[in-house]
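> Quick one: this structure, given as structure tokens, is what I'll be asking you about.
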Amino acid sequence: MPSDSEAALVIIKPDAVQRGLIGEIIGRLEQKGLKVVALKMVQVSEEQARRLYAVHEGKHFHDPLLRFIRSAPVVVVAVEAKDACAVIRRLLGGTNSAEAEPGTVRGDLGLSHRFNLVHASDSPETAREELGIFFEPDDLLTYDRALDGWIYDYSTGEPI
């Protein structure tokens, strides 16, 4: 894994879990080359929901968002890659699924703005905070994959 890799959180939201899209979404993350370093299914607590969406407190959609994320189990996935947050957000597509680009998770699998299948960290700083809501530091595994040399070109000494 590149020395400048970063971890990010992806949440497969209640609508995606209920629609049976867990494997499809994780598959897209892995096919892109992202490395899963932790994974679990949880029922989000009130406290976790409030911490996750604190940035939206006071906005008109805050309370419905809290109800939605707690309405059914979710799958929380910690992934790692070079520029993971930016890569994941492009892979998932725009927040409004009905307007998201074809080829993205939301563009291919969703139609709703609020029920938009996935949440992803928007920056490395946010990722550290969000990962801490769902995972202990020891939960994030460190391991080598034989295929990393087929994802990144290390011939220059720096992953390209």
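> Assuming residue 104 fulfils every condition listed in (1) β-branched (Val, Ile, Thr); (2) touching a His at 6+ places or on another chain (Cβ under 9 Å); (3) within 30 Å of residue 150 (Cα to Cα) apart from one, which condition is it?
(2)
Every residue, every condition in (1) assigned to a helix (DSSP H, G or I); (2) without any contact (Cβ under 8 Å) to a residue 24 or more places away in the chain; (3) surrounded by 13 or more Cβ atoms within 10 Å (Cβ to Cβ), yes or no:
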{"position": "103", "(1), (2), (3)": "no, yes, no"}
{"position": "115", "(1), (2), (3)": "no, no, yes"}
{"position": "122", "(1), (2), (3)": "no, no, yes"}
{"position": "130", "(1), (2), (3)": "yes, no, yes"}
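> Now for a separate question. Only residues in segment 34-47 that are more than 12 Å from residue 75 (Cα to Cα) count as the first member; pair them with residues that are surrounded by fewer than 17 Cβ atoms within 10 Å (Cβ to Cβ), Cβ under 6 angstrom, at least 6 apart or cross-chain, and list the lot.
Taking only residues 6 or more apart or on different chains, the pairs are 37/140; 37/141.
> Could you please tell me which pairs satisfy a Cβ distance under 9 Å, a separation of 6+ or placement on different chains, a first residue in segment 65-83 that is more than 11 Å from residue 37 (Cα to Cα), and a second residue that is among the hydroxyl-bearing types (Ser, Thr, Tyr) and not in a strand (DSSP E or B)?
Sorted first by the residue in segment 65-83, then by its partner, the pairs are 65/53; 66/53; 69/53; 70/45; 82/152.
None of the figures in this text is laboratory data; all of them are computed from the coordinates on show. Every value quoted in this text rests on a predicted model; they were computed, and no experiment measured them. Using ideal geometry, Cβ is built from the backbone for each residue, glycine included, and neighbour counts are taken over all protein chains shown.
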